[in-house]
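Here's the structure we're looking at; comments come further down.
The values are calculated or read from the model by the stated rules, or taken from the named source; none is laboratory data. Since the model is a prediction, treat every value here as computed from it, not as a measurement. Neighbour counts are summed over all protein chains in view; Cβ atoms, including those assigned to glycine, are modelled from backbone coordinates with ideal geometry. Just the protein is used for accessible areas: all its heavy atoms, side chains included, with ligands, DNA and RNA removed. Shrake-Rupley method; radii C 1.70, N 1.55, O 1.52, S 1.80 Å.
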Amino acid sequence: MHYQKPTSTSGAHPVALTTAVTSRRRLARDLRTIRVQWQREMIRLRRNRLSAAMGLLSPLLYLLILGTGLSSVVAAGGDGSGDFRAYLFPGVLLMAAQAPALTVGASIVWDRQSGFLRQMLVLPVGRPALLTGLCLGGASTGAASCVPVLVLAGLVGVPYDLRLLVALVEVALLSFAFATLGVLMAVCIRRLETFQVVAGLSTAPMLFLSGAVFPASGLPGWLGAAVIANPLTYGVDALRRTLPGPLDLGGQASGPGWGGWTPPVLLELGIIALLALAALWVATYRFSRPE
């Protein structure tokens with residue numbers, strides 16, 4: 001009697017099955033690491049409520065004091081159709097999100113100095129998952145810090161509308177970009193004092209050259225080129241074009257243009273997302289190198 005060797009009905013090789021199971025376990029472990037890192041940032045936000053409240057003081061001073069003062073100047077020198085407080089509103093949202101999002105970078109430097117980072121690095125998890133969780137936590141923290149500013153929108157002439165929620169999503173993307181920038185600086189800097197100086201010197205010019213405080217159009221020579229080259233310009237312009245109400249000083253201020261062509265909002269947000277992912281990739285590469 002002829003004997004025929006039974007064949008597997010699944011057709012899967014044992015090595016391939018083992019590899020697939022290992023990959024799923026690794027993915028589940030990385031996702032759990034991202035969730036834990038995100039939760040850690042949320043816990044830090046809840047425990048530092050006073051610090052979060054003080055972080056809103058500077059943006060609100062810009063909005064309510066500087067914006068009100070400049071509104072009177074604009075009204076006196078023009079036709080009175082523009083409210084400078086409304087023009088400043090997107091930039092104030094960015095200011096409110098900036099500091100909390102950059103804090104994730106400072107936490108890396110602090111964890112390195114305290115030795116906690118070394119304990120995390122010996123865990124059987126991917127280092128990209130550690131940084132991704134931190135950046136997502138920074139994005140959530142930055143977006144949460146902008147909620148009180150959005151609540152005050154009506155005081156500066158920005159009507160309450162569902163587009164405020166769309167703007168909050170855009171703020172979360174910008175916060176993610178700030179977080180990746182902070183993480184990139186943190187993996188290259190070992191001292192907390194140095195990190196704070198570098199973060200301040202790098203983000204302040206980006207903010208002032210983004211159209212957040214003065215219009216991006218009609219600037220002279222090198223200053224106009226710097227505004228166009230600044231990626232934050234497109235984030236501010238996307239917010240200004242998404243938020244409800246006239247935020248362009250009665251048509252006197254326009255967004256960045258490429259040879260007379262204005263990029264759409266989705267393209268502007270795509271630029272921010274692409275640069276954020278590039279910064280995260282470079283930070284992950286640097287972070288994965290042996291200390």
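Some points to look at:
- Elements of type helices (runs of 4 or more DSSP H) in segment 20-138, at least 1 residues being at pLDDT below 75, open to solvent by 40 Å² or more (accessible area, probe 1.4 Å) and closer than 30 Å to Arg240 by Cβ: 49-55, 57-61, 67-77
- Residue check, Gly224 open to solvent by less than 20 Å² (accessible area, probe 1.4 Å), over 30 Å from Gly259 (Cβ atoms) and of a type outside the set (Val, Ile, Thr): no
- Sole exception among (1) open to solvent by 20 Å² or more (accessible area, probe 1.4 Å); (2) at pLDDT below 80 for Leu209, by number: (2)
Conditions tested, residue by residue: (1) modelled with pLDDT of 80 or more; (2) of a type in the set (A, V, I, L, M).
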| site | (1), (2) |
| --- | --- |
| Ala216 | no, yes |
| Leu232 | yes, yes |
| Ile272 | yes, yes |
| Ala276 | yes, yes |
| Leu280 | yes, yes |
| Ser288 | no, no |
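- For first residues located in segment 217-246 and without any contact (Cβ under 8 Å) to a residue 12 or more places away in the chain and closer than 13 Å to Leu266 by Cα, partners that are outside any helix (DSSP H, G or I) and not β-branched (Val, Ile, Thr) and lie 6+ apart or on another chain with Cβ distances below 8 Å do not occur.
- Selection count where residues are out of contact with any Leu (no Cβ under 8 Å at 6 or more places or on another chain) and in a helix (DSSP H, G or I), scope segment 141-183: 7
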